[in-house]
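What follows draws every value from the coordinates through simple rules; no lab data is involved. Since the structure is predicted, the reported quantities are computational estimates derived from the model, not experimental observations. Cβ placement follows ideal geometry from the backbone for every residue including glycine, while neighbour counts extend to all protein chains displayed.
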């Protein structure tokens, strides 16, 4: 027997001991924090503690249940290319269903029209589909962003409206607005094309149009609530709810290791590694940030995004895009009324900054009978064009592992659930499986 074969079981045993002994803290029990813990556990790490300031897991995946129906206050749908979410749902046996609602516009006078029909009327079939086909070429040209945002070409730092005009795909500004702006990702005339192309991949476009012309079930959702996926995921993890982290101090040792003192709920514990899944800018409230971290994290921009579950009368039961509200001039107005249960007139409204959805609804002939639940989000962490030129994603990548600290979440790989899951898993596999 060779010495390598003889030593192999001992090496595995040694690695398993190291994995078992390493003390790892995770700040935040949203999708990225839970995926980090889930992956670490699969790799054999056993001493993992998750700290969550809220009384439930899920982060921006938040389902409000009323009369046995789930109303999504955060993430809602997924394309059939969202493999990280779909695979996790299969692993945890959480069922997915075809998305039940169409894409309809409502104008300021209350007139309801079909979204795609409106686009075809405005731009014509040839011009619209010509732009879509050219966009396919562009998604291949700039496809590196789906591997790592640090690889983004400088062309993508321009706002999407300018980028679309340069590349002669202007009809896509109107096509993408409801999904970009309505989903809380800002306005095409402001947001760098990098983020729009990250959100609207070629497979997602195919899924949207396949659903529109009834070619299979390409857009999916969790009928029992998106949050159920992460509640189930957390059942086998050590999650401390109502545990707000108030201080993290990292003390480097002479041997290259770092001792991490983390305080949550007035109790200080010692860890070897810490994974931050909150927005890094928020982490400045509790971590002993270096000048490099502080300067970089303070460049991160977000939107204040409000979701409200409410009973609306006189507008029917279909989901509605508010046609004239996807421009900056309508900032604060309702963008979407979403109804995943067409047998009832309960909706979720989505809007920037304002806590009052009633004026937008009444202007279109509706009336609000009752507001049932409301959530306010610090949403879509991103960088401006000017800051992208300083290559912040490369800087974030270089921070991974420094002083025993790692970063996951929407800042690192865009805000969709699929993106944060895939990034968290990839990071843990790269940094902790060696």
Once you sort the root eigenvalues of the Cα gyration tensor of the stretch 52-180 as a ≥ b ≥ c, which label holds: rounded (a/c under 1.5), prolate (a/b larger than b/c) or oblate (the other case)? oblate
Return a whole-number percent for the relative contact order of the stretch 279-382, with Cα pairs under 8 Å and 6 or more residues apart as the contact set. 37
If you split all Cα-Cα distances of the stretch 130-202 into 5 Å bins from zero, what percentages do you get per bin, shortest first? 4, 17, 32, 28, 17, 2
Quick check: the angle from helix 171-180's long axis to the longest principal axis of the chain, C-alpha only, nearest 10 degrees? 60
10 Å binning of all Cα-Cα separations within the stretch 324-434, expressed as whole percents from 0 upward: 11, 29, 25, 20, 13, 2, 0
Shape category assigned to the stretch 19-92 from the gyration tensor of Cα positions, a/c cut at 1.5: oblate
How high is the relative contact order of the chain, in percent, with contacts defined as C-alpha pairs under 8 Å that are six or more residues apart? 23
Cα extents of the stretch 244-312 per principal axis, largest first, Å, are 63, 29, 16
As an exercise, use a Förster radius of 41 Å and the Cβ-Cβ distance of residue 344 and residue 272 to find the FRET efficiency, rounded to the nearest 0.05. 0.25
Taking the chain as the region of interest, what is the percent of Cα-Cα pairs per 20 angstrom bin, listed from the shortest bin to the one with the maximum distance? 24, 55, 19, 2, 0
Taking a cut-off of 24 Å, what percent of all Cα-Cα pairs in the stretch 262-364 are separated by more than that? 49
For the stretch 299-351, what's the relative contact order in percent, using C-alpha pairs closer than 8 Å and at least 6 residues apart? 43
Between the stretch 52-130 and the stretch 276-342, what is the C-alpha centre distance in whole Å? 15
Apply 1/(1 + (r/R0)^6) to the Cβ-Cβ distance of residue 129 and residue 370, taking R0 = 60 Å, and write down the FRET efficiency to the nearest 0.05. 0.90
In a Gaussian network model over the chain where Cα atoms closer than 10 Å are linked, find which of 119, 40, 346 has the largest mean-square fluctuation. 119
When only alpha-carbon atoms are used, what values of Rg and Dmax, in angstrom, describe the stretch 357-422? 19.1, 57
